[in-house]
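Encoded as structure tokens, the structure appears first; notes follow it.
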Amino acid sequence: MHRPFLYRHSTWRGKYVDLWTLPHVISGFFISYVTFLMPMEYAAAFWMALSIGIGWELVERITRLSRTEAYTNSLSDIVGAQLGFIVGWWIFSHITNPALASLVILLLCAIFCLVCLFGYRAFKYYG
């Protein structure tokens, strides 16, 4: 039986990068947006984002939320979140229209929710 792309096991459980990396990247965007609004210095915001990324991966390990996730994938999730933070900081520092920044955040939120929904459904499918 041919399974759709979003329901294939390899789509969600890659050795290095998988579809779950996308929510981590988007989370980095969200962190950059919040720290940019605070306003916070870039270096402090960068280290805070890195701490949150590492903290989340530790929570996943401790709670066994990611029972089958490879350590290399956890590392790529942290790197992905930091890349999302760096790109997000650059984008939000160049957007002068607050409405455009809000639109970017809403679009990313929708993508985040859709990816998590499909990931949850695939998790339920595989057990």
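The numbers here are math on the coordinates, done by the rules we state, and not lab data. What you are looking at is a predicted structure, and each value in this text was computed from that prediction instead of being measured. Positions of Cβ are backbone-derived with ideal geometry, glycine not excepted, and every protein chain shown enters the neighbour counts.
Looking only at the stretch 105-127, how many residues end up being free of Cβ contacts under 8 Å to residues at least 24 places away in the same chain and not hydrophobic (A, V, I, L, M, F, W, C)?
3
Yes/no per residue for (1) part of a helix (DSSP H, G or I); (2) among the small types (G, A, S); (3) in contact with a Gly (Cβ under 8 Å, 6 or more places away or on another chain):
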position	(1), (2), (3)
I86	yes, no, yes
W90	yes, no, no
S93	yes, yes, no
C109	yes, no, no
L117	yes, no, no
F123	yes, no, no
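Take the residues of the stretch 18-52 that are polar (S, T, N, Q) and without any contact (Cβ under 8 Å) to a residue 60 or more places away in the chain: which is surrounded by the fewest Cβ atoms within 10 Å (Cβ to Cβ)?
Within the stretch 18-52, the match that is surrounded by the fewest Cβ atoms within 10 Å (Cβ to Cβ) is S51.
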